[in-house]
Every structure is written in structure tokens, then in C-alpha cells.
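One structure is given below, encoded as C-alpha cells.
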Amino acid sequence: PPLQLLILGAGVDTKPLVDFAKLLGWRVTVVDYRPHYIQRASAFHADTLLEILPDELGNALDLTQFSAVILMTHNMEYDKRYLHAIADCIIPFIGLLGPAHRKERLLQTLGNDAQKIQSRVFAPIGLDIGAQTPEEIALSIISGIQAYLHGREGGQLSHKIG
């Protein structure tokens, strides 16, 4: 079955992520708490677009269906609330935009829930490919998810031994 990607946040930088994931045959669900962001995201060609507040996420979606989730609301409070909403789920890959210290701050706000997901939360998200533009960053993120879910670290194939 195709990988199922959940993107929490429908800003303009979400479109390249959706595009790359769809090229790989992944099913993509985009969720945002802001109605006008969801309305604008109709041009993203995601399989599903939903306006859902963080507190309603677990009731509105079967979180067990997702292989990976990316939190990218660009709002610390809402990323925290969405992260709390997925703390009990079994999604194997949870990616956060931003630096490592932002991840640590978010995990600290979760209290005991942080222990449930700490090993599955990645920030900064993506492979180090020198990404600068939204499209390059999306390629880095999608590549990082692909590598992780297939038990790989990424890197040049020519550097592999054997």
C-alpha cells in the first residue's frame, strides 16, 4: 500500500511537499486549523484537505493509518497542541520544521507524553542536501522520510561499501 503522509499546516511551503509525495505515489492528507489556509490549499492536489483544531485531530482522523507526519504550522503553540494530539499514536516518523532547540522546547511542554514520542520526533527534518528554496527543502524532507521508513540513512550510493 502507498505511504500515508499527514501534513499539519497548509502554508505555501506545503505545496512542494505535497507535489513530491504525490510523485512517489503517497497518499497525502493536509490539515490546518485556519479555514482560509485550507481554502487556499485546494490548489495543492492533496488527497484530503481538512480543517481540524488540534484538540479534535484524534477524533476526526484514524491516526494509525499514517506512516509519517510533518508539523509545519509555523506557530509554536499550535505545533505543541498538534504534537500533544498525536502523542499516543504509533506514527513511526514525526517531523518538525525548525532547529533542534525548538524540538526540545516543544517536547518539554508535553511532560510525560514526550517520552512516548521522543525517539520518533525529528528536527530539523530532512536530509542535509544544502536545501535553501521551498522546493529543495521539500525534497530534503521527503527524502529523509523515505530513507528513514526504509531503514536507510541517506548519503551517496557511491560511498556505500560492498
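Averaging over all projection directions, the Cα-based convex hull of segment 86-162 occupies 6.2 nm² in the image plane.
At full extension, GLN39 and GLU136 could sit 32.4 nm farther apart than now, given 0.36 nm per residue minus the alpha carbon distance.
Figure the gain on full extension for GLU153 and ASP55 (residue separation times 0.36 nm, minus the Cα-Cα span) and round it to one decimal in nm.
Once the chain is fully extended between GLU153 and ASP55, it gains 31.9 nm.
Of all the options LEU83, LEU23, LEU71, the one that moves most in a Gaussian network model of the chain with Cα springs shorter than 10 angstrom is LEU23. Put simply, the convex hull of the Cα atoms in the chain casts, on average, a shadow of 9.9 nm². In the context of the full set of protein chains, the chain has a per residue accessible area of 53 Å² (1.4 Å probe). Couplings for segment 6-23, taken from phi via the Karplus curve 6.51 cos²θ - 1.76 cosθ + 1.60 with θ = phi - 60°, read 10, 10, 9, x, 10, x, 4, 6, 6, 4, x, 5, 4, 4, 5, 4, 5, 4 Hz in order; Gly and Pro are left as x.
Surface composition of the chain: carbon and sulfur atoms hold 52% of the protein heavy-atom accessible area at a 1.4 Å probe.
Grab the other residues whose beta carbon is less than 9 angstrom from that of HIS45, score K and R as +1, D and E as -1, and report the net.
Details: positive: LYS15, LYS22; negative: ASP19, ASP47.
Local charge sum for HIS45: 0.
Taking amide H atoms as placed 1.01 Å from N in the peptide plane, the amide H of GLY98 lies under 5 Å from those of ILE125, each 5 or more residues away in sequence or on another chain. Given +1 at the Cβ of Lys and Arg, -1 at the Cβ of Asp and Glu and no other charges, the dipole of the chain around its Cα centre is 260 debye to the nearest 20. Full extension of the chain between ASP47 and ASP128 yields a length gain of 26.3 nm, computed as 0.36 nm times the residue separation minus the alpha carbon distance.
The values are calculated or read from the model by the stated rules, or taken from the named source; none is laboratory data. Computed from a predicted model, the values in this text were never measured in an experiment. Here Cβ is always computed from backbone atoms with ideal geometry, including for glycine, and neighbour counts include all displayed protein chains. Each accessible area value is taken on the protein alone, full model and side chains, heavy atoms only, with ligands, DNA and RNA left out. Shrake-Rupley method; radii C 1.70, N 1.55, O 1.52, S 1.80 Å.
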